[in-house]
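Trainee: Dropping the structure in here first, questions after.
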Amino acid sequence: MRVLATTVLAALSCVCSCSARAEDPAAIEPPTTTSSGDILPRPVPLFNRWQEDWSALADPRVPREPFDALKYVSLSSTDPQTYLSLGANVRERFELNDAVAFGTGTNNSDSYVISRTEVHADLHLGSRVEIFTQLQSDYAIDKAIHTPVDQDRLDLEQAFVSFTESLGSGQLALRLGRQQIGFDLQRFISVRDGPNVRQSYDAAWLEYTSGPWRITSLFSHPVQTRDARPFDDYSSPSLSYGGLKVQYQFSQSTNLSIMYSHFIQDNVRFPSASGNESRDIFDIHAAGIEGPADWDVEGMSQTGSIGSQQINAWAFGSLAGYTLLLNSWTPRLGLQFDGASGDRNPHDHTLNSFNPLFPNGYYVTLSGYTGYVNFIHLKPSVTLHPTRTLKLLLAAAAQWRESSADAVYTQPDIPVAGTAGHGGTYTGTYGQARLDWTVTPELAFAVEAVHFAVGNTIRQGGGHDSDYLGVEIRLAW
């Protein structure tokens with residue numbers, strides 16, 4: 001697969017035409033028809049590759065690029081929607097982390113390359129049936145310690161069949177098989193694009209859309225990575241997640257949703273509780289844009305049990321911004337405020353530690369210094385656009401524990417040794433700088449740097465200030 005990655009990189013460099021979309025699983029699909037008979041726009045790669053529609057290439061007037069014979073392989077002389085499309089993604093990122101877990105573990109400093117190659121085949125049988133298959137090859141080169149999210153040398157990432165059908169005044173969609181799922185900003189249910197190995201789900205997804213309403217039902221066994229041999233990833237009833245979500249679209253940019261879901265995981269261990277975990281989850285989410293202002297707010301409660309203990313936990317996340325449209329760099333002034341409960345008393349037979357489920361590390365930083373457990377997080381930021389293709393984020397954030405009886409956690413929910421029940425609530429302060437350069441719709445480059453100045457709680461536990469640097473290139477064909 002390393003040869004495959006090199007070959008794909010060479011081919012894509014020749015094509016020079018691929019897009020690293022933002023972390024948005026609901027990227028809008030390009031139109032496939034026009035009522036006026038105008039020339040259709042050429043499709044571009046999307047964050048979710050299965051959402052692409054390459055049938056526009058059936059029109060010879062659409063501009064051609066190298067290898068289009070593989071992007072659109074017609075399978076019908078009468079129906080342009082019956083076709084096969086091949087594609088690939090390559091992501092290479094160098095990471096330098098001088099203090100993993102703030103230096104409290106056995107490996108204090110590390111530098112390495114994480115490499116992800118994905119190839120896919122997307123079969124459309126008319127406008128109603130789609131069969132999507134995607135393979136992955138993920139390597140963590142020179143990384144001292146491999147975790148399940150670092151390396152998966154050859155495995156099946158997605159393989160599902162999708163059906164769509166008109167029903168009443170709306171449309172019904174069904175996806176069955178291994179697939180990737182993300183809700184909203186992916187705070188808690190995500191594709192997990194930040195680490196090297198993405199999160200897949202063996203799932204049944206049913207969605208009905210009618211006017212402003214969207215109702216989604218999901219049942220899944222999240223896929224777990226093994227990497228002992230090719231194609232050995234697995235799912236089982238010992239880890240399951242499913243629920244029902246109802247969303248109302250007030251306008252093109254403003255929506256509100258409510259969701260109930262259920263999470264099960266066997267043989268779980270928290271600092272103050274262990275056993276089989278069962279959580280009932282209620283989530284409410286609102287997002288919108290009004291002129292220069294934008295916002296995204298989400299709240300979640302969790303109840304249930306772990307072993308013989310009860311669970312009572314909560315979390316919230318909020319982002320708000322104001323864009324100064326009159327300035328040529330269109331600066332966006334942003335404020336992020338997040339929180340998640342920690343265990344209040346390790347001896348009261350109630351676990352208050354929030355479970356972040358399947359979070360997206362991008363939501364905070366790529367460094368992984370912050371886990372969405374037992375924390376309060378306040379982050380002002382400014383985002384600048386020096387050119388149409390450049391975006392610069394500058395931010396500074398302060399972080400506290402919600403409960404000093406519980407540990408400080410790193411991404412996703414790993415307790416920092418020596419912090420539970422010790423020290424005060426202040427965790428530390430960090431600065432973040434990130435530059436994104438969209439070279440073409442198919443090629444993107446990014447650099448992110450984070451410095452985390454730890455508080456006395458981590459320092460007394462043997463930790464120290466930490467620095468992270470990530471340099472990334474993405475290609476998609």
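Trainee: Determine, from the Cβ-Cβ distance of Glu65 and Leu384 and an R0 of 25 Å, the FRET efficiency 1/(1 + (r/R0)^6), rounded to the nearest 0.05.
Mentor: Efficiency, from the Cβ-Cβ distance: 0.20.
Trainee: Sort Trp295, Trp50 by Cβ crowding within 10 Å, fewest neighbours at the top.
Mentor: Trp295, Trp50
Trainee: With the contact rule set at Cα under 8 Å and sequence spacing of 6 or more, what percent relative contact order holds for the chain?
Mentor: This gives 13 percent for the chain.
Trainee: Check the straight Cα-Cα distances from Lys143 and name the aspartates and glutamates below 12 Å, setting aside those fewer than 8 residues away within the same chain.
Mentor: Partners within reach: Glu95, Asp110.
Trainee: Please give the net charge around Leu167, taking every other residue with its beta carbon less than 13 angstrom from that of Leu167, where Lys and Arg add +1 and Asp and Glu add -1.
Mentor: -1
Trainee: Sticking with this structure for a sec: Add +1 for every Lys or Arg and -1 for every Asp or Glu among the other residues with Cβ under 11 Å from the Cβ of Asn352, and state the total.
Mentor: Residues close to Asn352 contribute a combined charge of -3.
Trainee: What ranking do Thr303, Thr387 get, fewest neighbouring Cβ atoms within 10 angstrom at the top?
Mentor: Least to most surrounded, the residues fall as Thr387, Thr303.
Trainee: Follow-up question, since we're still on this one. How long is the gain from Leu325 to Ser166 if the chain were fully straight, where each residue apart is worth 0.36 nm and the alpha carbon distance is subtracted?
Mentor: Gain in length upon complete extension: 53.2 nm.
Trainee: With everything on Cα atoms, drop me the angle between helix 2-15 and the longest principal axis of the chain, reported from 0 to 90° to the nearest 10.
Mentor: So the inclination is approximately 60 degrees.
Trainee: Can I ask one more? Check cross-link reach from Lys379 to the lysines: straight Cα distance under 27 Å, and skip same-chain residues fewer than eight apart.
Mentor: Leaving aside lysines fewer than 8 places away in the same chain, those within reach of Lys379 are Lys391.
Trainee: Sticking with this one: I need the phi-derived Karplus couplings for segment 157-164: 6.51 cos²θ - 1.76 cosθ + 1.60, θ = phi - 60°, integer Hz, Gly and Pro marked x.
Mentor: 8, 9, 7, 9, 10, 10, 10, 10
Trainee: Related question: Tell me, in nm to one decimal, what length is gained between Ser217 and His422 on full extension, where the rule is 0.36 nm per residue of separation less the Cα-Cα distance?
Mentor: Fully extending the segment from Ser217 to His422 adds 69.6 nm.
Trainee: Calculate, for Val129 and Ile414, the FRET efficiency according to 1/(1 + (r/R0)^6) with r their C-beta to C-beta distance and R0 35 Å; round to the nearest 0.05.
Mentor: 0.25
Trainee: Once a ≥ b ≥ c are taken as the square roots of the eigenvalues of the Cα gyration tensor of the chain, is the result rounded (a/c under 1.5), prolate (a/b larger than b/c) or oblate (a/b not larger than b/c)?
Mentor: It is prolate, given that a/c is not under 1.5 and a/b is the larger ratio.
No value in this document is a laboratory result; all are computed from the given coordinates. Values in this document were obtained by computation on a predicted structure and should not be read as measured data. All Cβ positions, glycine included, derive from the backbone under ideal geometry; neighbour counts span all protein chains shown.
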